[in-house]
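Asker: Following this message is one structure expressed as structure tokens.
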Amino acid sequence: MNLTPLKSTTLMKIFSATRFRQQFAVLPSFSCSKLIRCFCFIAIAQCFHLAGLTQAHPADVAQAEMLSKKYKDDNVICLSSYHYFTFDKGKNSLDEKVVVIQEDAEMEFLSLKKYSALTYPEFYNKFIRLKTFKKAVKMGSKYITSERSGIDRSVTDENIFFDDSRVQYFPIRFTEKGATARITVKKEYTDGKYLTRLFFHMPYPVLEQAFEFKVPEWLSVDFKTMNFDGFKIEKQQTKKGGYTNYVFIMKDLPAYKSEYKRIGRAYTDPHIIIQVKSFESKGESLKGFDKTADVYNWNNKLYNLAGNDKEKIKSTLSKITTGYTNDLDKIKAIYYWVQDKIRYIAYEDGYSGYIPASSQDVITNKYGDCKGMANLLTELLKLAGYDAHFTWIGTRQLPYTQSLPALCVNNHAITTLYYNGKEYFLDATEKYAPFGENAYRIQGKEAMIANGDKFDLKTVPLTTGNEHKIFTKADFSLNNELLTGKIQVSLTGNERKDFHQVYQELPISGKEEFLSSYLEFNNNNVKALDVKTSDLTNRELAVNISGNIELDNAVHTISGDKYVNLDFFPKTLGQYMPDEKRVAGYDFDYVLSFEDELALTIPVTKKFTDIPEKLELNFEGYDFKGEYIVTGNKITLKKSLAIKKSIINKADLTSWKNFLDSIKEFSSYFFSITDK
Amino acid sequence: MQKSKSFFRLHAFVLFLFIIITQLAFAQNYIDDDFLDNIESNARFMLNEPAPAFADNIIPDKWKKESAVIMGYSRSVLFDRKSSGGFFSRKERSLYFLEKVRFKIKLNDNNSVQAFSEIYFRYGAKEDGFIARIIKADGTVANVDLKNAVGIESGNNIPEFFQSFFDQIAYSQYKYYKIPVANLEPGDILEYITTTKSRLDVTSSGYIEFEPSYEVCSKKYPVAHNEIIFETDDKSFFKSLSLNGAPQFVKENSAEKNFFRYVFKDKNRDVEKDINFVSPFLQYPLVKFQVIYSNSDQAKGALIGEKGELKKEFSKEELARKAWEDYEMVSESSLYDGSPSVQAFINTCWAELKKTGIKDLPAEQYINQAYYLIRNRILFRNQYLNDKKFAHIFGSLLFQRDIKSDLIITIGNNVGKLKEILFGQEIRYIIKVDNKLYFNVTDYSNPGDLAENLLDNEAYIIYAPAKKGGQQEIKPFTLPGTLATDNTAEIVITTELSPGKNSLLVARTSSYKGIHKAKNIDNALRFTPYILDDYKNYGGNSPMDNMKSKELEDYNNSIRALKEEYKKQKPEFVKESLQSEYNQRVGNVHFNLINDGRTQKKSTLTFKEGFELTDFVRKAGKKYLVNLAGLTGSQLQIKKGERERKYDIDVRYPRAFSWAITFKIPDGYTTEGLTELNKKVENETGSFSIVAKEENGSVILNIAKVYNARNISKTKWNEMLAFIDAAYNSSFKYILLKPKQ
């Protein structure tokens, strides 16, 4: 061990050691934490390619000095990010003629602090090849390319069993302000339709972001600009030698920061959607995605590769519908069977991410993804004689309509049933959703409904918070310092469905405790007893949970008077209170309403005083009403809170914050009980 | 699925001569078709083996409402050393692990179906085999088709019940696959059998200790039948000890000549609930065991029995001999992987100490200096030394200065009792000088600081044998415990209402001593530059002393950058910590470290925080209610499921908390409710009290909570509940502020 006096490199160790300790701040006791940190440090150190003894060029140091004053909260800046796209003709793995796109990209990063780090990733899969991925570090005025490759990992989502999503990344560590690194990338989109969107913002500030497209004459391509309003983006278009060059440049971008329940960036951030409309090959004009019908045709072609065999699902259908005589009951039986019996296990490797599993395979396996379930449901309903259609749809995180012919519009599959003059959207992945009700995540979205060579477009109806309600009624009486009484909670709409999705998947032995704790509202001072429920095997009924309740530590006797806060489970939505650093608005992913009626009866010798004032707040997307009503020796708190729209825009954050503050204040009020 | 709590590892694991660590990331891919034929045929023979425990498909009535029931779990490991090669090729010796696992589980609900919807198997050697099948409620049996199995990327955890024993103890990285189970529903039984063959090259290894195992009998689901079988040839040794009522390993006759067979069986094991104040190893039925390979009949220095013996315990002489030999051998080992030897480190430390002028230092001062030097060296590492190395280094440095020290050995008090030591890894080492004990250093410890895991235990003082292999003197010794007054948290809070009277402005000074300090110091010193001046503690030179001007400039720049970074991160860290403590948003956070507690003279950790709490002030008309007692933070609540106690109580160490809260009464207001706040509960197990009064325009609360003892009988549980409940309920109490008339 080197015990010579500490040098800069040793200080680097101090900093890095400390930094790595910081990263694992959640570790428990010291004796475990150091060893675990050691393993983590070794693992990360193996990944880290030290910048070595880099000497930042004085010009870079000066630039870092200047930029660090502007970007005080950032450690690293991207000086330039340049992506250059060229187009070729090729064939995909289905032997079809397609446009192949090559991307050449180079990014340069500058450290704004003495010690800083970033991780640069490039994602790829079976349709997007990563041909070159290099890192170079600047020494003086020269870049030295590292011989190491990026670290390669699967990035399969935890909800997906298997797919081909991978990443290669470089961890880059800087030890000097003004140190610079460069990343070089070559990528190939084996089918141009998989290059869908390009966003300008990155997780670090960017001085200049440029996308350039060299479009040959044989190719018709459209660049749809999204959310450009309000941003300064330079566009250039030049023709030369049989090509048209399109350039989009944006400068001085702040870092994209991930925030809790942030509105999806597709709604707010500028980006380009690349639409390969058509191209010529050996005199033949071939379609890309020019119109919505082109997308449909491609989707439909892959859908038809599922290889359904209705003979193989007949016996299952027969078992499902045995005993049902009317159509609606049969339809529901089929729908609920698929919901209940088919587990969500998704293989999304290559084209299996687009071609549904056959209906007979889904039945045999009793598992599938959304496409597999939608396919099975559609086939069962059709076989039973109903007008059902496989349907593609985008969830609400995607703001695009079907009028945009691109692959990024749809990310989900359901079944559309036409029945009795109405269309019903049946999503078998939404377990316990009753027939006729739709999960919020597809509400307001356009569905692309298969209809042979044609397709229909219908919009899933939007609901407001009123249809998804949690209604709570409690009647207390005073029992010394204890509030005792009866309580009942009713759930409708998506709240009911969400309850079932949790409850029905619990271990048998945990269900009773769950129901008790449901009535305890996450309040440690509440004890629920003798809990009863409505029929929880019937997903169509409102869920009712009721029981006896004891509420402790809610009554405070001071100088003979009692002070009571009846609002024992205030929905102050504290997790949605924006802090001063919040950049973007919120997307709750749901709408709902709460309605509470909490009453307390006291002895006739007592009276209520210090009754809080009524509060009523009305905003476009949300409202609140709270009132204490005294009738004789009974006080009732009536409260309602409705989230009618799922989005709070950035411009509304101040109003939203004031709304939450007001609710919080109202819910904190006590009233007193004194002698008459 | 949860990581197994049955195979639990100590931090200091044994030396391995063969560890496979691969840097390659295995890409996810489908299983090779060629493998599929092999996999099933390799395992098929197991279906024909008699397995009475697996014959039935019925579960006991008492478990019908459980999410799942493990009907059978059988693990069999055969250790066999074989030689190969000869005249024309290199002679090799290999140790083979032939494992067979059979697992059968009844899935009663969606929850367990979901948990077992994916199963895993190994195919890393061509002899590996795997068959899985489902037995439906109507008795139909269907094999799980493995053709769509996909490879698992290395580094991913393999869930409990699927990882081979060899891979667990050798940290090897054989290839695993996963497959979804088709047609699985509640009411089905899932069964799999697997056989794996692992190989260890022991040509140049005369001795290998495999990772000790701790099998806690209870699992996530009730277990009807659990068995573990080890068969070893005459080159491996086996030892095992059962605790807390667990069944024992039993030696049986082996079908193979010169093989030895050890069998463990456990039946009808219920699930143990997670509860407070339990040390699992001390209270739950568990069996611990280890296999050791040795080339020679008598592996010198090993804690093993005779060939073929099922060793269950060691005498104090055996432990002392082992501990002393290990202690002596430390000097030849490297300090850390790849670093110079411990002896080289000692030499360097000694040279460093001499430079600081230790010649005329009083003994105690020298001892402290040596301790702090070791601490300083560890500070810049990301790994602590183990006890043994610390004891050896420290003991050697004392020896250099002719200071006599004694070596003490014991076991962690959360692992077991002294007579239950079965593994070398369980032996803990301490140095004793006169009446003082010196435990292993941490980044924050001072000489003489006690270690929570080593309190109150029985120990031995062991001495060097008079001659090699001779008798050793062994003296019994009891490690000291602590009192509540040794482990204190003293919190002084001054607080007042904000100008808007809607929040509390709080200034809090916290002081920690003893084990309480050890628990809190890591967070307190996070993002503080205590490392930089640490050299002063052992009298060392500043790193700047010999720097040239350019180096000095670089160094100062680095320090500046570090401190700036800390200044930014510390308040954020403290804020998150406070928000978690008070379960609400916290604003205006400040932090000031007053004393880092890392020196003997100033061993109390003290720091000051300022913050604003928004949920502590309520209104009732024109009056205010202030939850002053809630400033103690969340108090432990024992919920209804734990009110009946099955096990004795282990609170780990006695401790005392005190809060002195001073609240400035706002102008124009009077206070009420102080009388109602007063509370006192006191008994043998502990106490809680609040004394509230008004004085000089302030409300003063003195709150105290004490856990009197480390171990408490379950018969005293209600007494404990009394003061715990009192503390919990009091934390919700308010004082009233009334406007003056």
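The values are calculated or read from the model by the stated rules, or taken from the named source; none is laboratory data. None of the values given here were measured: they were computed from a predicted structure. All Cβ positions, even for glycine, are placed from backbone atoms using ideal geometry, and neighbour counts span all protein chains on display. Protein only, heavy atoms only, side chains kept; ligands, DNA and RNA dropped before computing areas. Shrake-Rupley method; radii C 1.70, N 1.55, O 1.52, S 1.80 Å.
Asker: Looking only at the range B:482-516, which residues are out of contact with any His (no Cβ under 7 Å at 6 or more places or on another chain), over 29 Å from B:Ser698 (Cβ atoms) and open to solvent by less than 30 Å² (accessible area, probe 1.4 Å)?
Answerer: B:Thr482, B:Ile515, listed by residue number.
Asker: Sticking with this one: Within the range A:213-260, track down each residue that is at pLDDT below 95, open to solvent by 50 Å² or more (accessible area, probe 1.4 Å) and at positive phi.
Answerer: Hits for the range A:213-260 are A:Gly230, A:Gly241.
Asker: Anything in the range A:573-601 that is open to solvent by 40 Å² or more (accessible area, probe 1.4 Å) and of a type in the set (S, T, N, Q)? List them, or say none.
Answerer: A:Gln575, A:Thr601
Asker: Hey, can you tell me all the residues within the range A:496-507 that are without any contact (Cβ under 8 Å) to a residue 40 or more places away in the chain and out of contact with any helix residue (DSSP H, G or I) (no Cβ under 8 Å at 6 or more places or on another chain)?
Answerer: If the condition is that a residue be without any contact (Cβ under 8 Å) to a residue 40 or more places away in the chain and out of contact with any helix residue (DSSP H, G or I) (no Cβ under 8 Å at 6 or more places or on another chain), then A:Asp498 is the only one that fits.
Asker: Name the residue, out of A:Phe123, A:Phe109, that is part of a strand (DSSP E or B) and within 27 Å of the chain's Cα centre (by Cα).
Answerer: A:Phe123
Asker: Answer yes or no: is there a residue in the range B:718-737 that is away from chain A (no Cβ under 14 Å), surrounded by 21 or more Cβ atoms within 10 Å (Cβ to Cβ) and outside any strand (DSSP E or B).
Answerer: Yes.
Asker: Anything in the range B:405-426 that is open to solvent by 10 Å² or more (accessible area, probe 1.4 Å), closer than 20 Å to B:Ser213 by Cβ and not in a helix (DSSP H, G or I)? List them, or say none.
Answerer: Residues satisfying the conditions are B:Asn414, B:Val415, B:Lys417.
Asker: Further question: For the range B:329-362, give me the residue count where each residue is open to solvent by 20 Å² or more (accessible area, probe 1.4 Å), touching a residue at least 60 places away in the same chain (Cβ under 8 Å) and away from chain A (no Cβ under 14 Å).
Answerer: 2
Asker: Quick one: B:Gln173 ticks every box in (1) open to solvent by less than 30 Å² (accessible area, probe 1.4 Å); (2) closer than 30 Å to B:Ser296 by Cα except a single one, so which number is it?
Answerer: (1)
Asker: In the range B:144-170, what residues are within 11 Å of another protein chain (Cβ to nearest Cβ) and of a type outside the set (A, V, I, L, M)? Give the derivation first.
Answerer: First, pick out the residues of the range B:144-170 that are within 11 Å of another protein chain (Cβ to nearest Cβ): B:144-145, B:148-156.
Passing the criteria: B:Asp145, B:Asn148, B:Gly151, B:Glu153, B:Ser154, B:Gly155, B:Asn156.
Asker: If you go through the range B:603-615, how many residues are at pLDDT 95 or above and either more than 14 Å from chain A (Cβ to nearest Cβ) or in a loop (DSSP other than H, G, I, E, B) (or both)?
Answerer: Number of matching residues: 8.
Asker: Sticking with this one: Just for the range B:217-260: of the residues that are over 27 Å from B:Lys64 (Cβ atoms) and among the aromatic types (Phe, Trp, Tyr), which one is surrounded by the most Cβ atoms within 10 Å (Cβ to Cβ)?
Answerer: By that ranking, first place goes to B:Phe237.
Asker: I'd like the full set of residues that are under 24 Å from B:Pro186 (Cβ atoms), part of a helix (DSSP H, G or I) and open to solvent by less than 20 Å² (accessible area, probe 1.4 Å), limited to the range A:318-367.
Answerer: A:Ile320, A:Ala333, A:Ile334, A:Tyr335, A:Val338, A:Gln339, A:Ser359, A:Val362, A:Ile363 - these are the residues of the range A:318-367 that are under 24 Å from B:Pro186 (Cβ atoms), part of a helix (DSSP H, G or I) and open to solvent by less than 20 Å² (accessible area, probe 1.4 Å).
Asker: Condition first: within 14 Å of chain A (Cβ to nearest Cβ) and modelled with pLDDT under 90. Now tell me which residues in the range B:640-653 satisfy that.
Answerer: Residues of the range B:640-653 within 14 Å of chain A (Cβ to nearest Cβ): B:640-643, B:652-653.
Residues satisfying the conditions are B:Lys640, B:Gly641, B:Glu642.
Asker: Could you tell me whether any residue of the range A:588-596 is assigned to a loop (DSSP other than H, G, I, E, B) and of a type in the set (Phe, Trp, Tyr)?
Answerer: Step one: of the range A:588-596, the residues assigned to a loop (DSSP other than H, G, I, E, B) are A:588-591.
So of that shortlist, the ones also of a type in the set (Phe, Trp, Tyr) come out as A:588, A:590.
Taking every residue of the range A:588-596 in turn, at least one turns out to be assigned to a loop (DSSP other than H, G, I, E, B) and of a type in the set (Phe, Trp, Tyr).
Asker: Now a separate question. Give just the number: which of (1) among the charged types (D, E, K, R); (2) farther than 30 Å from B:Gln569 by Cα; (3) open to solvent by less than 20 Å² (accessible area, probe 1.4 Å) does A:Lys97 not satisfy?
Answerer: That leaves (3) as the condition not met.
Asker: Cβ-Cβ distance below 7 Å, separation of 6 or more or different chains: which pairs start in the range A:81-108 with a residue that is without any contact (Cβ under 8 Å) to a residue 40 or more places away in the chain and end on one that is part of a strand (DSSP E or B) and of a type in the set (A, V, I, L, M, F, W, C)?
Answerer: Final answer for the pair search is A:Asp88/A:Val100; A:Lys91/A:Val98.
Asker: So for the range A:543-552 (the condition being open to solvent by 20 Å² or more (accessible area, probe 1.4 Å), farther than 26 Å from A:Phe670 by Cβ, within 14 Å of chain B (Cβ to nearest Cβ) and over 30 Å from the mean Cα position of the chain (by Cα)), does at least one residue qualify?
Answerer: No - not one qualifying residue is present in the range A:543-552.
Asker: If you take just the strands (runs of 3 or more DSSP E) that sit entirely in the range B:61-148, which of them hold at least 3 residues that are open to solvent by less than 40 Å² (accessible area, probe 1.4 Å) and at negative phi?
Answerer: B:68-84, B:92-107, B:118-122, B:129-135
Asker: Going by the conditions given, is A:Phe162 closer than 30 Å to A:Lys301 by Cβ and within 12 Å of another protein chain (Cβ to nearest Cβ)?
Answerer: Criteria met by A:Phe162.
Asker: Tally time: how many residues in the range A:602-619 are open to solvent by 50 Å² or more (accessible area, probe 1.4 Å) and either acidic (Asp, Glu) or in contact (Cβ under 8 Å) with a residue 24 or more places away in the chain (or both)?
Answerer: Of the residues in the range A:602-619, the ones open to solvent by 50 Å² or more (accessible area, probe 1.4 Å) are A:603-607, A:611, A:613-614, A:616, A:618-619.
Applying the additional criterion that residues be either acidic (Asp, Glu) or in contact (Cβ under 8 Å) with a residue 24 or more places away in the chain (or both) yields A:603-607, A:611, A:613, A:616, A:619.
Of the residues in that region, 9 qualify.
Asker: Would you mention how many residues in the range B:528-546 are touching a helix residue (DSSP H, G or I) at 6+ places or on another chain (Cβ under 8 Å) and at the interface with chain A (Cβ under 7 Å from one of its Cβ atoms)?
Answerer: Qualifying residue count, the range B:528-546: 3.
Asker: When the range A:517-540 is examined, which residues are found to be surrounded by 15 or more Cβ atoms within 10 Å (Cβ to Cβ) and either among the β-branched types (Val, Ile, Thr) or under 30 Å from the mean Cα position of the chain (by Cα) (or both)?
Answerer: A:Ser517, A:Tyr518, A:Leu519, A:Glu520, A:Phe521, A:Asn523, A:Val526, A:Val531, A:Thr533, A:Leu536, A:Arg539
Asker: Right, something else. Could you run through the range B:706-731 and say how many residues are free of Cβ contacts under 8 Å to residues at least 24 places away in the same chain and over 16 Å from A:Asp552 (Cβ atoms)? Talk me through it step by step, then tell me what you get.
Answerer: Here is the first cut: in the range B:706-731, the ones free of Cβ contacts under 8 Å to residues at least 24 places away in the same chain are B:715, B:718, B:729.
Those still in the list that are over 16 Å from A:Asp552 (Cβ atoms) too: B:715, B:718.
Of the residues in that region, 2 qualify.
Asker: Return a yes/no flag: does the range A:161-177 have any residue that is farther than 30 Å from B:Ala149 by Cβ, open to solvent by less than 40 Å² (accessible area, probe 1.4 Å), touching a Gly at 6+ places or on another chain (Cβ under 8 Å) and not in a loop (DSSP other than H, G, I, E, B).
Answerer: Yes.
Asker: So A:Asp453 ticks every box in (1) surrounded by fewer than 21 Cβ atoms within 10 Å (Cβ to Cβ); (2) closer than 20 Å to A:Gly394 by Cα; (3) among the acidic types (Asp, Glu) but one. Which box is left unticked?
Answerer: Of everything listed in (1) surrounded by fewer than 21 Cβ atoms within 10 Å (Cβ to Cβ); (2) closer than 20 Å to A:Gly394 by Cα; (3) among the acidic types (Asp, Glu), A:Asp453 misses just condition (2).
Asker: Continuing with this model, one more query. Restricting the first residue to the range A:122-151 and requiring it to be modelled with pLDDT of 95 or more, which pairs with a second residue that is in a strand (DSSP E or B) and acidic (Asp, Glu) meet a Cβ separation below 7 Å and a spacing of at least six or different chains?
Answerer: Cβ pairs passing all conditions: A:Arg129/A:Glu188; A:Leu130/A:Glu122; A:Lys131/A:Glu188; A:Phe133/A:Glu122.
Asker: Looking at A:Leu566, is it farther than 30 Å from A:Glu430 by Cβ and within 14 Å of chain B (Cβ to nearest Cβ)?
Answerer: So A:Leu566 fits the description; yes.
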